[in-house]
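I have placed the structure first, in the form of structure tokens, so that the comments after it can refer back to it.
Every number in this text was worked out from the coordinates using simple rules, so none of it is lab data. It should be emphasised that the depicted structure is a prediction, and the values quoted were computed from it without experimental measurement. All Cβ positions, even for glycine, are placed from backbone atoms using ideal geometry, and neighbour counts span all protein chains on display.
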Ligand code: PMP
């Protein structure tokens, strides 16, 4: 098939007629398919069920920090810090265990900075302007947190090897109002990029105009390799920052959300000792301890990083065919038509699709009318505004393989139809 833009209007119109018939057939099936959110599938969740058996009424609840059934141990049990430290590439003494979701941890980190300030600096709520850099496309829930606090968000293009570092340096090193940047360094959400060593080093060597500038390094997908035999690896930002004389500049976040049970996992922050002391001051007023029973459950189930890796290899077995099916269908249906480009991630939970400019909203709407729910167009950008209206996030993890294939086929028909309309308009 030749590129659509090389076709005559007559050719496009006839193609549209054929595709409309196919589309109507799909519509007639009253389907209800969903490629919207990056949720593990039920078969993935089953993998973690044995974890629920490792603790019961006969279990020993004693740990290095005492009895997990009672109050106390604000920053989490040592064994859990070691487990999460292993996963997040950080020594246990640099780890604080948090609750069942890393998003709460990220929200609290922004919230604390807003109301009380970072390490004695002016609380952000007293400043006229606070800005965050947002590599795009990115994760909608990151952007939701900063929007909720009235923080101005600035788009930074995300390249193959990470964010545009010339732009990052220009903003961070010159503008005191820039207090943070959202990063998903490994298998970024949604495009799957892995930051190169050079990008990590440039991050570590930033010279922020603001003393309270912090990198929000969200390691959500640090063990989520689709091809565990050749995983992507990202340089450890904490030690790079230390080497560069910027030990306090980064907060690393992580959780077992998509390792065990989303919403019922364990989360952690890894950062410098000074940041840990700063965070503890707030936590002391917030709670006595997080759920240490769940921390112990995770520790007993996994034992160590090797246990997590073996478990993640099982997830990969289930996820890989789904990602490969989507890629195969997009290739079969769209390759050479020059109406879309997509990523082929080596890990994480998403495929990022770029349609012709001005088409994303219409494609997502057309999918919905045929019973296929996609992530809202624009969601991958701050304020829900994609300046090109072209990016669509595809989440292949949740549907069954059969449903996913059907959804991907319908998606392709919608991409073709909307692209033809766009070209006929021109
Ligand atoms: N960060 C990123 C980049 C994510 O994609 C997700 C899940 N979609 C999360 C954080 C959420 O993690 P948690 O459940 O630990 O809050």
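Let a ≥ b ≥ c be the square roots of the eigenvalues of the Cα gyration tensor of segment 329-375; is it rounded (a/c under 1.5), or, if not, prolate (a/b larger than b/c) or oblate?
Oblate shape, in that a/c is at least 1.5 and b/c is the bigger or equal ratio.
Please state, as a whole number in µm²/s, the translational diffusion coefficient that the Stokes-Einstein equation yields for segment 4-81 at 10 °C and 1.306 mPa s, with Rh defined as the Kirkwood radius across alpha carbon pairs.
After rounding, the answer is 83 µm²/s.
At 222 nm, what value in deg cm²/dmol follows for the chain if DSSP H runs of at least 4 each add -39500 (n - 2.57) and the sum is divided by all its residues, to the nearest 500?
-13000 deg cm²/dmol, from helical runs alone.
Can you give the FRET efficiency for residue 5 and residue 335, using 1/(1 + (r/R0)^6), R0 = 22 Å, r = Cβ-Cβ distance, to the nearest 0.05?
The pair residue 5/residue 335 has a calculated efficiency of 0.90.
Can you work out the FRET efficiency for the pair residue 284 and residue 264, with r the C-beta to C-beta distance and R0 = 22 Å, to the nearest 0.05?
Rounded to the nearest 0.05, the efficiency is 0.30.
Taking all pairs of different Cα atoms in the chain, averaging 1/r and flipping that mean, what Kirkwood radius in angstroms comes out?
With all distinct Cα pairs of the chain included, I get 22.8 Å.
Taking 7 Å along the Cα-to-C-beta vector as the label spot, tell me the residue 403-residue 176 distance in nanometres, rounded to one decimal.
5.3
Assuming R0 = 60 Å, can you tell me the calculated FRET efficiency for the pair residue 344 and residue 71, based on Cβ-Cβ distance, to the nearest 0.05?
The pair residue 344/residue 71 has a calculated efficiency of 0.80.
Once you place label points 7 Å from the Cα toward the Cβ at residue 32 and residue 274, how far apart are they in nm?
5.5
Would you mind classifying segment 200-303 by shape? Square roots of the alpha carbon gyration tensor eigenvalues, ordered a ≥ b ≥ c; an a/c under 1.5 is rounded, otherwise it is prolate if a/b is larger than b/c and oblate if not.
oblate
If I model a spin label as a point 7 Å beyond the Cα along the Cα-Cβ vector, how far apart are those points for residue 383 and residue 197 in nm?
4.0
How high is the relative contact order of segment 177-290? Use alpha-carbon pairs under 8 Å, at least six apart in sequence, and give a whole percent.
With pairs under 8 Å counted, the relative contact order is 24 percent.
Students often get this wrong: which residues of segment 235-270 have the backbone nitrogen under 14 Å from the point 7 angstrom along Cα-to-C-beta of residue 144?
Residues 263 fall inside that zone.
With a/c under 1.5 counting as rounded, go ahead and sort segment 129-227 into rounded, prolate or oblate using the C-alpha gyration tensor (a ≥ b ≥ c being the square roots of the eigenvalues; past the cut-off, prolate if a/b is larger than b/c, else oblate).
oblate
Taking every DSSP beta bridge with both residues inside segment 157-275, roughly what % is antiparallel (nearest 5)?
45
Once the principal axes of the Cα atoms of segment 61-303 are found, what is the range along each, listed largest first in whole angstroms?
51, 46, 32
Using only C-alpha atoms and all pairs of different ones, pull out the Kirkwood radius for segment 242-314 in Å with one decimal.
14.3
At 0.36 nm per residue, and after removing the present C-alpha to C-alpha distance, how many nm does the segment from residue 304 to residue 426 gain when stretched out fully?
So the extension gain works out to 38.1 nm.
Compute the separation of the alpha-carbon centres of segment 1-72 and segment 223-289 and state it in Å as a whole number.
The distance from the Cα centre of segment 1-72 to that of segment 223-289 comes to 26 Å.
List residues of segment 145-161, by number, whose backbone nitrogen lies under 15 Å from a label position 7 Å along Cα→C-beta of residue 125.
Residues 148-151 fall inside that zone.
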